[in-house]
Structure formats: C-alpha cells, structure tokens
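The values are calculated or read from the model by the stated rules, or taken from the named source; none is laboratory data. Because the structure is a prediction, the values reported are computed rather than measured. All Cβ positions, glycine included, derive from the backbone under ideal geometry; neighbour counts span all protein chains shown. Note: areas computed on protein heavy atoms with side chains; ligands, DNA, RNA excluded. Shrake-Rupley method; radii C 1.70, N 1.55, O 1.52, S 1.80 Å.
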Amino acid sequence: QNDQLGQAVAELAKIDPEAATSAVTRYRLETLKGSVLRFTGQYEEAVLAYERALDIAESLHSGPRQVAAMVKLAWILVQTSNLDGAAGKLSAARELAAGEDDEAALATIARNEADVADRRGDRPGERRFCLEELDHARKAASTELLALAYADLGDSYLKTGEFVQSLEYSHQAAALAPRIGRSAFESTVQFNTALAQIGLGHLQEGKTLAQ
C-alpha cells in the first residue's frame, strides 16, 4: 500500500495544474494532490496544494469550494498543532457556509471546531460545537453526518464522566454505523460504549464490549 501511495504521489508530481483547460479542473487537481500528500503525511506540501486550491476557488467565486479547501487546510493545521490557524480557517469557512445555507458543510465545520476545542482542553466549547454539529446534521438529513455527530457527543459526555448521556448517544451512533460502512467508526463507538458501561459500574458488560 505504501508503494502504491508513493507511486500516486510521483504521478501527481508530474501533473501541472496550470496546464489544465479550466479553473475547475485545476481546483480538482490541487485538491487531489493535497489529499494524497496529506494521507502520506507530507503536510507542508499538502498545505501548499490546498492553498492553491483555495486561491482557485476564490477566483471562481465558489463558496462551497472555498469552504471545502479551508476545512482541509484546518485539518492539517490541527495535526501540526497550529490550533489558532485552524480556528481562523474554520471561522471563515463557517461564515461562507452559513451564507450558502449549507447545513452539511456547517456540520463538518462544527465537528472540526469541536476537535480544536478538545485539543485546547475546552470541554464547554467542545460540547457546544458537538451539539451544533448534531443540529446541522439533522437539518442536512445525512445519515453519515448524524452518525458522526452522535458518536462525537457520546465521546464528549464520556470525557466529562456523564456516562448515561454518553451511552445514549453512542447507542444512537451504533444504530446508524452499519449504514455508513466504516469499520473503524463502529469499533470506536463500541469502545466508547464499553467505557461508559464500565463508568456506570457494569464491569462485565463493559469488558466484554471492549474485547
């Protein structure tokens, strides 16, 4: 798999987005390049690709494309511990998405903002963003976004020792998990459910789930 990724990076390096016939194609190429570089841990190069994608999106006056590029940039900034930079990108993305009434994008942005708050140790902020994520996910009527929001709230309540609430949201996430086809997601939800059960004193049930 690493060899295949290395080949993909090499092939992408040969592509000159400026040679593309349209701005939309250049945007897609830069986004693809950024995603591959991000996946392989080449964050500095990925940032440059996403910044070029953002510039193209701005030239196209495309709000959704600008939002997508900013969210991807924010994710990398979080991974490199630039939380202030990530928060700035997400705030700008939120403003654009709100102007477009893009509930799906707003759910994703809130999810990333919750992550920033979590890494800052800001539990009230994390909870607020998780609740916003759920609200936007419901309005977007997206099964995947709902599952992620329920799981994030389950995790948020787990961190503050509110095990009953954590269990409630984790159960809702687990009910949707088979419909979104993410095996790692199901494992995470199950593990959080196990921890909540243990926190409630249901040791045997929690240990069984955690295995």
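Listing for the model above:
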| item | result |
| --- | --- |
| Region 120-134 - residue that is closer than 27 Å to Ala57 by Cβ and either touching a residue at least 24 places away in the same chain (Cβ under 8 Å) or touching a His at 6+ places or on another chain (Cβ under 6 Å) (or both) and, of those, least open to solvent (accessible area, probe 1.4 Å) | Glu133 |
| Test: Ile180 is among the aliphatic types (A, V, I, L, M) and farther than 24 Å from Asn112 by Cβ | no |
| Selected residue (only one of Ala175, Ala147, Ala151, Ala137 is small (Gly, Ala, Ser), open to solvent by 30 Å² or more (accessible area, probe 1.4 Å) and assigned to a helix (DSSP H, G or I)) | Ala175 |
| Qualifying residues in region 192-211 (those that are hydrophobic (A, V, I, L, M, F, W, C) and surrounded by fewer than 16 Cβ atoms within 10 Å (Cβ to Cβ)) - the one nearest to the chain's Cα centre (by Cα) | Ala210 |
| Residue within region 105-119 that is surrounded by fewer than 20 Cβ atoms within 10 Å (Cβ to Cβ) and of a type in the set (Val, Ile, Thr) present | no |
